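The values are calculated or read from the model by the stated rules, or taken from the named source; none is laboratory data. Bear in mind the structure is a predicted one, so any value in this text is a computation, not a measurement. So basically every Cβ, Gly included, is an ideal-geometry build from the backbone, and we count neighbours across all protein chains shown.
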Amino acid sequence: MEVGGHCSARFARVQDAFAKNFAVENEVGASFAATVNGELVVDLWGGHADAARTRPWQRDSLANVWSTTKAMTALCAHVLADRGGLDFDAPVARYWPEFAAAGKGAIPVRYLLSHQSGLAGLSEPMPAEGVLDWQGFCAALAAQKPLWEPGTRSGYHAITFGHLVGEVLRRIDGRTLGAFFRDEVASKLGAEFWIGLPESEEPRVVEMVPPDPPAPLAEPPKPGDSSYELRRALANPSVTQTIANTRAWRAAEVPAANGQANARGAARIMAALACGGSLDGVRLLREASIARAIAEQCYGKDLVLGPMRWGLGFMLASKDLPLSPNPRTFGHGGWGGSFALADCDARVSLAYVMNRMSPGTTGDKRLGRLIRALYGGLSSSP
């Protein structure tokens with residue numbers, strides 16, 4: 001298979017690993033990029049943009065990265081906090097008064113970002129299309145009673161995360177999360193990453209290829225056990241992978257799950273974080289703000305994902321999620337296999353974007369092979 005792009009000689013094994021994914025993991029199409037000290041050292045793409053394998057994956061192809069979008073949503077919250085506009089310890093209701101309903105008046109903003117608010121799903125049924133209605137979905141979240149006592153444990157807010165954090169930001173700043181991200185992050189860095197894709201970019205979007213059969217984001221409820229009601233709420237709204245191939249999904253802002261990007265764009269944004277908060281003269285965050293973002297908020301058995309170590313909106317490296325050899329490594333994975341990562345100790349960033357989805361959000365073999373090859377190159381002589 002022909003691999004496009006370039007790879008510094010030091011990282012030749014990354015290109016080999018990228019090609020191997022197509023040979024042994026049934027990769028359809030993908031891109032992978034990595035930076036060291038802000039310099040793009042790996043920029044690869046290849047394969048096909050559709051399930052029928054009739055369209056080649058191009059240099060500028062874009063794919064739905066699902067929950068890798070959460071890294072960008074969290075970054076927006078940190079940019080606003082860095083400027084003094086958001087206090088993570090303040091109650092959400094200070095910024096969003098309606099949120100105080102159902103006993104939620106004391107929930108602090110930090111619980112939204114660390115998946116501890118108890119609002120991982122809705123008790124009242126909502127169709128998947130409900131997430132495309134910003135006001136309607138936010139109203140449902142404001143009215144929702146927490147599914148567990150906030151602050152006592154985490155439960156991955158697979159879809160609700162983006163609307164919860166995004167509505168707080170909108171109430172403070174006035175812009176939607178997607179507009180804030182475009183203006184304050186992506187445009188300033190010249191990074192190809194959208195939350196709410198303009199129609200002009202549609203020709204670049206690849207077809208997402210779901211596992212067979214398509215499955216909901218949360219495991220479907222199983223009657224007969226004591227956790228049935230909780231499980232039902234966690235699976236509501238039940239969003240399936242097939243929605244990713246619709247224009248309505250890509251055009252909307254679903255800041256937990258519908259970012260459209262290529263690996264180069266995602267890696268460039270994470271490079272700013274890996275390099276102390278700035279890149280090429282553009283400062284996004286102070287170093288103290290990055291330290292706050294990756295301070296451990298909770299570590300234990302997440303109700304949805306299993307053992308997880310959470311910062312303020314970011315997955316943190318741990319023995320359960322060994323993202324790199326270095327402790328100050330963080331980022332976020334997306335349903336199906338995508339990932340964006342920043343390593344502050346090695347000043348490295350990387351991103352993997354693909355269209356053939358695997359069932360999970362973390363632990364994809366394709367990504368693991370690429371990370372091992374990249375860090376192998378880092379340990380060798382320049």
| message | Scan the stretch 55-68 and tell me whether some residue there is touching a strand residue (DSSP E or B) at 6+ places or on another chain (Cβ under 6 Å), in contact (Cβ under 8 Å) with a residue 40 or more places away in the chain, at positive phi and in a strand (DSSP E or B). | response | no
| task | Could you list, in sequence order, all residues of the stretch 26-50 that are over 21 Å from the mean Cα position of the chain (by Cα) and either at pLDDT below 95 or closer than 12 Å to SER338 by Cβ (or both)? | result | ASN26
| query | Considering only the stretch 188-209, how many residues are exposed (fewer than 14 other Cβ atoms within 10 Å of the Cβ) and under 14 Å from ARG55 (Cβ atoms)? | reply | 2
| field | From ALA251, ALA291, residue being within 20 Å of the chain's Cα centre (by Cα) and either more than 26 Å from PRO125 (Cβ to Cβ) or modelled with pLDDT under 95 (or both) | value | ALA291
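Conditions (1) of a type in the set (Val, Ile, Thr); (2) farther than 23 Å from GLU192 by Cβ, marked per residue:
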site	(1), (2)
GLY5	no, no
ALA12	no, yes
PHE18	no, no
VAL24	yes, yes
VAL28	yes, no
ALA33	no, no
GLU39	no, no
ASP43	no, no
ALA49	no, no
| request: From the list ALA274, ALA351, ALA266, ALA342, pick out the single residue that is touching a Lys or Arg at 6+ places or on another chain (Cβ under 6 Å) and either among the acidic types (Asp, Glu) or touching a residue at least 24 places away in the same chain (Cβ under 8 Å) (or both). | output: ALA274
| Looking at ALA102, ALA77, ALA120, which is the one that is over 22 Å from the mean Cα position of the chain (by Cα) and either buried (at least 16 other Cβ atoms within 10 Å of the Cβ) or not in a strand (DSSP E or B) (or both)? | ALA102
| task | Among the residues of the stretch 5-19, write down those that are of a type outside the set (A, V, I, L, M, F, W, C) and over 25 Å from the mean Cα position of the chain (by Cα). | result | HIS6, SER8, ARG10, ARG13, ASP16
| note | Filter the stretch 324-370 for residues that are surrounded by fewer than 24 Cβ atoms within 10 Å (Cβ to Cβ) and under 17 Å from TYR299 (Cα atoms); the one that is modelled with the lowest pLDDT is THR362
| message | Step by step: first the residues of the stretch 138-171, then only those that are of a type in the set (Phe, Trp, Tyr) and at pLDDT below 95, then the one that is surrounded by the fewest Cβ atoms within 10 Å (Cβ to Cβ). Which residue is that? | response | TRP148
| Tally, over the stretch 354-382, of residues that are over 19 Å from GLY38 (Cα atoms), outside any loop (DSSP other than H, G, I, E, B) and touching a Leu at 6+ places or on another chain (Cβ under 8 Å) | 0
| query | Cβ-Cβ below 6 Å, separation at least six or inter-chain, first residue in the stretch 284-299 and farther than 13 Å from ALA81 by Cβ, second surrounded by fewer than 17 Cβ atoms within 10 Å (Cβ to Cβ): which pairs? | reply | GLU287/GLY276
| query | In the stretch 255-288, which residue that is of a type in the set (S, T, N, Q) and under 18 Å from the mean Cα position of the chain (by Cα) is nearest to PHE32 (Cα to Cα)? | reply | ASN262
| query | Quick one: which of ALA295, ALA267, ALA272, ALA288 is of a type in the set (A, V, I, L, M), in a helix (DSSP H, G or I) and surrounded by fewer than 24 Cβ atoms within 10 Å (Cβ to Cβ)? | reply | ALA288
